[in-house]
Amino acid sequence: MPAPPTPSSPSRPTVSEREARQVAEAAREQDWRKPSFAKELFLGRFRLDLIHPHPLPADEDVQRGEEFLAKLRDFCETKIDGAVIERDARIPDDVITGLKELGAFGMKIDTKYGGLGLTQVYYNKALALVGSANPAIGALLSAHQSIGVPQPLKMFGTQEQKDTFLPRCARTDISAFLLTEPDVGSDPARLATTAVRDGDDYVLDGVKLWTTNGVVADLLVVMARVPKSENGRGGITAFVVEAASEGITVENRNAFMGLRGLENGVTRFHRVRVPAAHRIGPEGAGLKIALTTLNTGRLSLPAMCVGAGKWCLKIAREWSAVREQWGKPVALHEAVGSKISFIAATTFALEAVLDLSSQMADEDRNDIRIEAALAKLYGSEMACLMADELVQIRGGRGFETAASLEARGERAVPAEQLMRDLRINRIFEGSTEIMHLLIAREAVDAHLSVAGDLIDPGKTLSDKARAGAQAGVFYAKWLPKLVAGPGQLPRSYADFHPADHRDLSGHLRYVERSARKLARSTFYAMSRWQGRMETKQGFLGRIVDIGAELFAMSAACVRAEHLRAGGDHGREAYQLADAFCRQSRIRVEELFGRLWTNTDDLDRKVVKGVLGGAYEWLEQGVVDPSGEGPWIAEATPGESRRKNLRRAIG
């Protein structure tokens, strides 16, 4: 075998801000071939017809899903001890083996490859269930099949790759997804791991950080930069890599404030040979594959957030009914009762958002890239708030560990653990701040497609002239439609005001009016700031948060009507939807106010002062308990000098 080639450039690529944006832009899906409820919402068009009546799964999908959920519930209740996982910071091997035998690692894999072939709806229900037993197990299963090997191969793999790897992923092998590097998070243009073509192989060199499942994985999806050559376009490319390959070293098993059972590590590649036949898609398609995979893969996080909300509600109900203060249960004190109402209403809305988005993903009739991103963003933020409220409701017991509670004779309620475990969801698979920017980019896509050249400094005067004419035609048709709509007609959406039920039609009229207001605000901001719009991240974040609330209100109302029509807790569902919408409307009005009344400009000045050292005097009077060492670990490619911590299971 010839000697492996040396990576063309062991140093990290240096890219400008503009180049980094171009890489991200090239990776996103450019076209909208199917309708999108959320995209239309941001454009001021409330397309209720896209989500109502609520889409329904096929009977056979329901039967198959319910049968598996029954088996999984029994496994969770009899085989999983969350306290042991928390204590030992590890999921026992026999639990993982049992999940393999149950088929849990193949939930999303087609039956012809040995999987269960569950729908997205039931896959998410399963994650909510198993995540309630222990969130680290939910993360294990999710990382394996939401973003690990199965999903990219399902969407982009060759038939040979599917035949080779999917049966293994369905029953025996664990997979992981490796993109992040020590100095690269959401800016993939600076990716340093390389894959150099050498005959029928590629040779990988580099270091990957935060490799969820990486410590126990059998198969890896690795993103690496391929140098441009005469025979290939190069660029960031995806590969399926055998985790036991020579030259792969798991150098560290990372530990976190939550998800203590998570098998997350640092993985080094040194001259690792990967057959070219294991490349997923063409060279340069890696980021597009990753982002497309995440369109539905992100739904796994709100699934576990829904499970967390359900558990928060159960504990809040049981505890608040027996804990007395000043002669009555604490639930009957308004200060506590408002927290319980928030948890109940928000859990209902989150499940509505999740089920609606998942069913639309199963039907594949809508483009749900924004819906899935909103579900992830909104679910992760609201779940953390619900967990925080539960800790407050429990008081000192909420701050106390389950082990300590048990040791002194009380019920071992892991409220503080839930709060720690949920916190990562605001960072996983795109932090809240990145999700704001990602969703905002999609939300203004229609504007940029017609007027983008007007604000692009790289375009010529003739390009800008053409864009101006095109924009004039678009806005002449679009802007007048934002003036009035069904939200101003008292009898609109009458289906949502059945006899003897609460009136939800008023909330939908509010959503319609607010969608038009949101679109007008976006247009005004683009006119005001033009090319500087992308720097107004505070404004863009609030725009997205308003859209998330409007989407959640819509989903909650549609779910309530669906349950009423089916005779399944309709009255209670209407009450929860009404409570959620009223709470949400208060948040929306605050966000609208903060679009134009905020401290963004002052904050930027303060930040410059902080970075320039103007306020160092304010830091005096404390000691820094941090240890020594660099802020970012060295990640120069080369042979590992550490023990390989990888461990195979089964």
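The values are calculated or read from the model by the stated rules, or taken from the named source; none is laboratory data. This one's a predicted model, so the numbers in the text were calculated from it and none came from an experiment. Heads up, the Cβs are rebuilt from the backbone with ideal geometry, glycines too, and the neighbour counts pull from every protein chain shown. Surface areas here come from the heavy atoms of the whole protein model, side chains and all, with no ligands, DNA or RNA. Shrake-Rupley method; radii C 1.70, N 1.55, O 1.52, S 1.80 Å.
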Shape descriptors of region 77-139 over alpha-carbon atoms, Rg and Dmax in angstrom, are 12.3, 39
Taking r as the C-beta separation of residue 112 and residue 620 and R0 as 60 Å, the FRET efficiency to the nearest 0.05 is 0.35
Expressed per residue, the solvent accessible area of region 441-503 in Å² (1.4 Å probe) is about 61 Å²
Rounded to whole angstrom, the alpha-carbon centroid of region 500-526 lies from that of region 582-650 at a distance of 34 Å
From DSSP H assignment alone, runs of 4+ in the chain each adding -39500 (n - 2.57), the sum over residues rounded to the nearest 500 puts [θ] at 222 nm at -17000 deg cm²/dmol
Full extension between residue 427 and residue 590 adds, at 0.36 nm per residue less the Cα distance, a length in nm of 56.2 nm
Net charge (Lys, Arg +1; Asp, Glu -1) of residues whose beta-carbon lies under 10 Å from that of residue 263, residue 263 excluded, is +4
The rounded separation in angstrom of the Cα centers of region 357-434 and region 162-229 is 28 Å
Within the under-10-Å Cβ sphere about residue 87, not counting residue 87, Lys/Arg +1 and Asp/Glu -1 give a net charge of -1
Of the accessible area of the chain, computed with a 1.4 Å probe and all protein chains kept, carbon and sulfur make up a percent value of 53 percent
The chain: antiparallel bridges as % of DSSP beta bridges, rounded to 5, reads 85 percent
What the Cα atoms of region 530-650 span along the principal axes, largest first and in whole Å, is 63, 57, 39
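Per the Kirkwood definition applied to all pairs of different Cα atoms, how many angstroms is the hydrodynamic radius of region 329-396?
Taking every pair of different Cα atoms in region 329-396, averaging 1/r and inverting gives 13.4 Å.
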The convex hull of the Cα atoms of region 196-237, divided by residue count, gives a volume in Å³ per residue of 84 Å³
One finds, for residue 473 and residue 535 with R0 = 25 angstrom and r their Cβ-Cβ distance, a FRET efficiency to the nearest 0.05 of 0.30
Semi-axes a, b, c in Å (a largest) for the chain, each sqrt of 5 times a Cα gyration tensor eigenvalue, come to 38, 34, 26
Net charge (Lys, Arg +1; Asp, Glu -1) of residues whose beta-carbon lies under 10 Å from that of residue 516, residue 516 excluded, is +4
dims of region 370-428, Cα set, principal axes, largest to smallest, nearest Å -> 48, 19, 14
Once residue 200 and residue 633 are pulled to full extension, the length gained, defined as 0.36 nm per residue separation minus their Cα-Cα distance, is 152.6 nm
Compactness summary of region 170-303: radius of gyration and Dmax from Cα atoms, Å, are 14.6, 48
For residue 79, the lysines lying under 24 Å Cα to Cα, once residues fewer than eight places off in the same chain are dropped, come out as 71, 100, 108, 125, 310, 314
Rounded to whole angstrom, the alpha-carbon centroid of region 250-275 lies from that of region 291-315 at a distance of 24 Å
To the nearest 0.05, the calculated FRET efficiency linking residue 335 and residue 230 through their beta-carbon distance, R0 being 56 Å, is 0.20
Expressed in angstrom, Rg and Dmax over the Cα atoms of region 375-494 are 25.0, 78
Heavy-atom accessible area per residue of region 75-200, all protein chains kept, 1.4 Å probe, expressed in Å², is 34 Å²
Per principal axis, largest first, the Cα atoms of region 116-236 extend in Å by 50, 34, 23
In the structure shown, of 39/517; 228/643; 112/208; 34/536, the pairs separated by more than 26 angstrom at the C-alpha atoms are 228/643; 112/208; 34/536
Once normalised by the length of the chain, the mean sequence separation of its alpha carbon contacts under 8 Å that are 6 or more apart gives a contact order in percent of 17 percent
Filtered hits (aspartates and glutamates, Cα-Cα < 19 Å from residue 477, offset >= 8 within chain) -> 40, 445, 512
Region 284-418: relative contact order from alpha carbon pairs under 8 Å, six or more residues apart, as a whole percent, is 29 percent
